[in-house]
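Below: one structure, written as structure tokens.
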Amino acid sequence: MGLIIDNEDMCEKFKGLLEEKYFIDKSNIINDFNKLIEDESSKYVCITKPRRFGKTSIAAMLVMYYSKSIDSKEIFDKLKVSKGKSSDIKEKENEIKQYKEYQGKYYTIYLDLSKNVFSFETLDAFISSINCKLKTDIEELFPNYKVLNDYDVDIVYNLKKLYLETDKKFILVIDE
């Protein structure tokens with residue numbers, strides 16, 4: 001687990017939510033995301049809600065569920081997502097199949113664009129900070145990859161190089 005890739009803080013945040021006195025299981029939204037994974041026309045999903053309506057909680061849940069380096073099976077097996085949500089039997093079976101298939105399958109990249117943003121003098125400095133954290137995670141998770149030899153100031157370039165070299169899909173979660 002890293003600072004940006006398979007973010008450890010988000011994992012702990014979701015575990016903390018599970019321990020809350022009034023936890024409401026909203027994990028069935030994962031069934032909706034799982035249906036979009038293979039759909040090339042739905043590569044980008046935007047969840048819009050007013051402030052304080054649970055966007056970060058959903059982000060924490062998604063990071064924990066999809067992250068390759070986070071073992072979340074025991075946690076999610078107790079939640080609604082593991083049982084499917086559809087009333088149609090075939091669809092429900094497919095949801096349960098997808099639940100098992102996609103859990104822990106991807107590296108996630110979590111970016112919080114509200115955290116400490118004002119402590120930087122420029123947007124470039126903020127992006128550079130994210131790029132440095134990403135490099136630290138790449139060094140830890142992929143120490144022998146060539147992307148580190150040719151690491152650039154352009155974060156998009158580095159992410160493309162990482163994808164091309166690993167041939168793995170990443171799930172990008174951006175929080176306000």
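The values are calculated or read from the model by the stated rules, or taken from the named source; none is laboratory data. None of these values were measured; they are calculated from a predicted model. Counting neighbours? That spans all protein chains shown, and the Cβs are built from the backbone with ideal geometry, glycine included. What goes into the accessible areas is simple: the full protein's heavy atoms, side chains included, and nothing from ligands, DNA or RNA. Shrake-Rupley method; radii C 1.70, N 1.55, O 1.52, S 1.80 Å.
Observations on the structure shown:
- Heavy-atom surface of the chain, accessible at 1.4 Å and reported per residue (Å²): 64 Å²
- Out-of-range pairs (alpha-carbon distance over 29 Å; input 83/133; 83/160; 21/169; 49/78; 15/160; 35/133): 83/133; 83/160; 21/169; 15/160; 35/133
- At R0 = 45 Å, FRET efficiency that the Cβ-Cβ distance of residue 149 and residue 83 yields, to 0.05: 0.45
- Its Cα centre serving as origin, the chain has a Cβ charge dipole (Lys and Arg +1, Asp and Glu -1) of approximately 660 debye.
- Mean Cα-pair separation over length for the chain, i.e. relative contact order, pairs under 8 Å, 6 or more apart, %: 29 percent
- Computed packing ranks the peptides 28-34, 106-112 as 106-112, 28-34, most packed first, by mean other Cβ atoms within 10 Å.
- Given charges at Cβ of Lys, Arg, Asp, Glu: region 16-162 dipole, positive-most of 151, 16, 28: 28
- On region 18-176, 53 percent of the accessible area sits on carbon and sulfur atoms, based on a 1.4 Å probe.
- Three-way shape call for region 1-98 based on the alpha-carbon gyration tensor, with the a/c threshold at 1.5: rounded
- Rounded to 10°, Cα long-axis angle of helix 8-18 versus longest principal axis of the chain: 20 degrees
- Within straight-line reach of residue 135, meaning a Cα separation under 13 Å, sit the following aspartates and glutamates at least 8 residues removed in sequence or on another chain: 150, 152, 154.
- Degrees, to the nearest 10: 155-166 long Cα axis against longest axis of the chain: 70 degrees
- Inter-label distance, residue 19 to residue 130: 3.0 nm, where each label sits 7 Å from its Cα along the C-beta direction.
- C-alpha long axis of helix 89-102 to longest principal axis of the chain, angle in °: 30 degrees
- Amide H contacts under 5 Å for residue 67: 104, restricted to partners 5 or more places along the chain or on a different chain, H placed in the peptide plane at 1.01 Å from N.
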